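One structure is given here, and the rest of the page talks about it.
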Amino acid sequence: MVVARVLSLLRAYSLYLYVAGFLALLLSLNEIREAHKLRQETIFALEKELAHTRTRRGIGSAIAALVYLVLISYVTFAQLPTEAEPPAPPPTATLMVIEVPTSTPVTPTPTRTHIPTRPRATALPPTPTSVPTSPPAPSCPNPGVCITAPGANQGLSGEMVIRGTARIDQFQFFKLEYGLGETPQQWNSIGEISRSPVVDGVLGVWNLAGFPAGPAWLRLTVVDVSGNFPPPYDLRVVIR
């Protein structure tokens, strides 16, 4: 049986699988410890948010490693099903038949060939060409902190790709946030913070499913290695 063979193979390499599982568990616990240490030492809200994200990721990895070790333990100590060998079929006698080749005359058959005619050329109607138009570039006080798409006061729905630039001197990370209403009282993160600068590229993806229709604001914040950041870039949009 295939299951018995797989279990036998896993049992043969169980020691290596255990070592890999314990290493993954140790790395997850170390990630949780480092995140806790960072959350205790930092005074910035953004760094605390990053430490909280690392803690959740470490807990998830630790749980996955424990489940992996439990599965390996179950497979190692599970009773292997025995595979019954099928009985060998009885030998059967084969008869050898000798065929005498016979020659048959081949009569050639005439073939008719068709001479292709050149098709008449037909004039194709001219295809209309359209000149693509691009939205005007947004006015960004700081070119290193700028959202280029969507545009200001643009209607949004579904899943929206946010593009722009997030690059300043001594760059550390950037994050995207949104606030609902004309004067948002609370800002919520869009995805996780990013530690790679972006120049005229994708900053994040905002899924608008379930959001109420009305005005909203996007905010881009770029932080340097000292924890300081220039004024964030705010952009008004309309959720449909």
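The values are calculated or read from the model by the stated rules, or taken from the named source; none is laboratory data. This structure is a prediction, so every number in the text was calculated from the model and none was measured. Methodologically, a virtual Cβ is constructed for each residue, glycine included, from the backbone with ideal geometry; neighbour enumeration extends over all protein chains shown.
Please give the number of the condition residue 53 fails out of (1) of a type outside the set (Lys, Arg); (2) closer than 30 Å to residue 10 by Cβ; (3) modelled with pLDDT of 80 or more. The single condition residue 53 does not satisfy is (2). Residue count for segment 192-240, restricted to those that are surrounded by 14 or more Cβ atoms within 10 Å (Cβ to Cβ), in a loop (DSSP other than H, G, I, E, B) and touching a strand residue (DSSP E or B) at 6+ places or on another chain (Cβ under 7 Å): 7. When segment 176-191 is filtered for residues that are assigned to a loop (DSSP other than H, G, I, E, B) and among the acidic types (Asp, Glu), only 182 remains. Does residue 158 count as assigned by TED's automatic domain parsing to the domain that holds residue 225 and either among the hydroxyl-bearing types (Ser, Thr, Tyr) or more than 21 Å from the chain's Cα centre (by Cα) (or both)? The answer is no for residue 158.
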